[in-house]
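Engineer: Let me give you the structure first, and then I'll get to my questions.
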């Protein structure tokens with residue numbers, strides 16, 4: 001019984017520490033946090049509207065530009081994982 005309670009409390013702690021705008025259950029729940037040269041991720045509901053935004057074509061280091069990273073759901077939080 002104590003082991004089950006400990007697991008439940010740990011899960012509550014993990015999910016309560018995740019900001020709502022970054023919460024996810026799968027990689028597909030995540031989106032870039034910025035229209036241009038994103039280096040962070042949010043869930044799709046909190047992604048910026050990038051319609052009509054023009055970005056430079058440069059490959060800014062340590063961003064998602066040019067395939068330098070991927071969007072991942074890690075421990076219930078959207079993150080950018082750089083290669």
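Residues are listed down the side, and each one gets a yes or a no for (1) in contact (Cβ under 8 Å) with a residue 24 or more places away in the chain; (2) exposed (fewer than 15 other Cβ atoms within 10 Å of the Cβ):
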{"site": "25", "(1), (2)": "yes, yes"}
{"site": "31", "(1), (2)": "yes, no"}
{"site": "38", "(1), (2)": "yes, no"}
{"site": "42", "(1), (2)": "yes, no"}
{"site": "50", "(1), (2)": "no, yes"}
{"site": "62", "(1), (2)": "no, yes"}
{"site": "78", "(1), (2)": "yes, no"}
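Engineer: Of all residues in the range 63-83 being under 24 Å from residue 23 (Cβ atoms) and not in a strand (DSSP E or B), which is nearest to the chain's Cα centre (by Cα)? Let's see the steps before the verdict.
Structural biologist: In the first step, residues of the range 63-83 are kept if they are under 24 Å from residue 23 (Cβ atoms); the result is 63-64, 69-82.
Next, only the ones that are not in a strand (DSSP E or B) stay: 63-64, 75-76.
Working: 63: 13, 64: 12, 75: 10, 76: 9 Å.
That would be 76.
Engineer: Which of (1) at pLDDT 95 or above; (2) part of a helix (DSSP H, G or I) does residue 10 not meet, given it meets every other one?
Structural biologist: For residue 10, the failing item is (1).
The values are calculated or read from the model by the stated rules, or taken from the named source; none is laboratory data. Given the structure is predicted, the values throughout are model-derived calculations rather than measurements. Here Cβ is always computed from backbone atoms with ideal geometry, including for glycine, and neighbour counts include all displayed protein chains.
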